[in-house]
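Below is one structure; the comments refer to it alone.
The values are calculated or read from the model by the stated rules, or taken from the named source; none is laboratory data. Quantities reported herein were computed from a predicted structural model and do not represent experimental measurements. Cβ: placed from backbone, ideal geometry, glycine included. Neighbour counts: every protein chain shown.
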Amino acid sequence: MYIHLFLLFCVLSLSGATESGIVGGKAAKPHSRPYMVSVWSERGHTCGGMLIREDFVMTAAHCLDRKGSTGSGRNHLKVVLGAHNIAKKEDSQQVIEVKKYYRHPKFGKNGPSDMNYDIMLLKLKTKAKLNKYVKVLALPKKNGKIPANVKCSIAGWGMKRPNGAESDVLYEVTLKVQSESVCKEKWGKWFDDVNMMCSVSDGKQAFCQGDSGGPLICNTSPVGIAIYTSKEKCTDTNFPEVYTKISTFLPWIHKMMRKKI
């Protein structure tokens, strides 16, 4: 399967960051996360995401190339809903084309290595049919801060080890939220404590390459979108795993979903 690495090739020499997938986790119980979305380009699975309305998916902005050129294969997107094994055509799956994407307008304003404002909404051509395999996950209602050491979870179809093969089935892992001060200390200018949050690996479990855009779930609520972690060793406890903080962008998200196209 094709792994979207365009953004990270720009960033690696500067920050040592890479995209996200699941390391040290376990296969999720089939369809236990019915909000999970596999975002596909013409070359295959590109990113994770979550269904936030019958016709809207949330993912990371860098899942589309920086220019957003419609001539690029990675910009002809579709989503797969209700999947456990994305290598198979499961009866539970719904495949829907993307009608329009809304990438945050401030994403990439400071150059190709800027990962701030890394959030994007995908407007679907048709509404998803909600059932036991496909469900909407409600957004947080307000801007709330998640304290350090709270256990959260993330799932995806990304690499199960750095530079390894992607997983066909959905994997999940439990991680602890890291304090924003530590995130800032470790990542420096690459970390914005207003727009970002992070988690810390226990040395065995982490997200890694191949599945940015998946939601970090704390107390059943989505709080972050996976965007980057350490390139050299995803389970490196010295480098927190970074997410776009969803609550910061709630006004923008609701504004985009009210648009008529």
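Things worth noting here:
- Those strands (runs of 3 or more DSSP E) of segment 1-66 in which at least 2 residues are within 12 Å of the chain's Cα centre (by Cα), farther than 23 Å from residue 109 by Cα and at pLDDT 65 or above, considering only elements entirely within it, cover 36-41, 44-53.
- Yes/no for residue 106 being over 20 Å from the mean Cα position of the chain (by Cα), in a loop (DSSP other than H, G, I, E, B), of a type outside the set (S, T, N, Q) and at pLDDT below 95: no
- Unmet requirement for residue 260, which otherwise passes all of (1) free of Cβ contacts under 8 Å to residues at least 60 places away in the same chain; (2) closer than 16 Å to residue 118 by Cα; (3) of a type in the set (D, E, K, R): (2)
- The residue list 135, 127, 99 contains one member that is touching a residue at least 60 places away in the same chain (Cβ under 8 Å) and part of a strand (DSSP E or B), which is 99.
- Only one of the listed residues (242, 177, 223, 194) is modelled with pLDDT of 90 or more, part of a loop (DSSP other than H, G, I, E, B) and closer than 19 Å to residue 147 by Cβ. That residue is 194.
- Residue within segment 169-188 that is surrounded by 21 or more Cβ atoms within 10 Å (Cβ to Cβ) and of a type in the set (D, E, K, R) present: no
- Yes/no for residue 204 being of a type outside the set (Gly, Ala, Ser), modelled with pLDDT under 90 and within 30 Å of residue 87 (Cα to Cα): yes
- Within segment 114-159, the residues that satisfy the criterion of being among the β-branched types (Val, Ile, Thr) and over 30 Å from residue 90 (Cβ atoms) are 146, 150.
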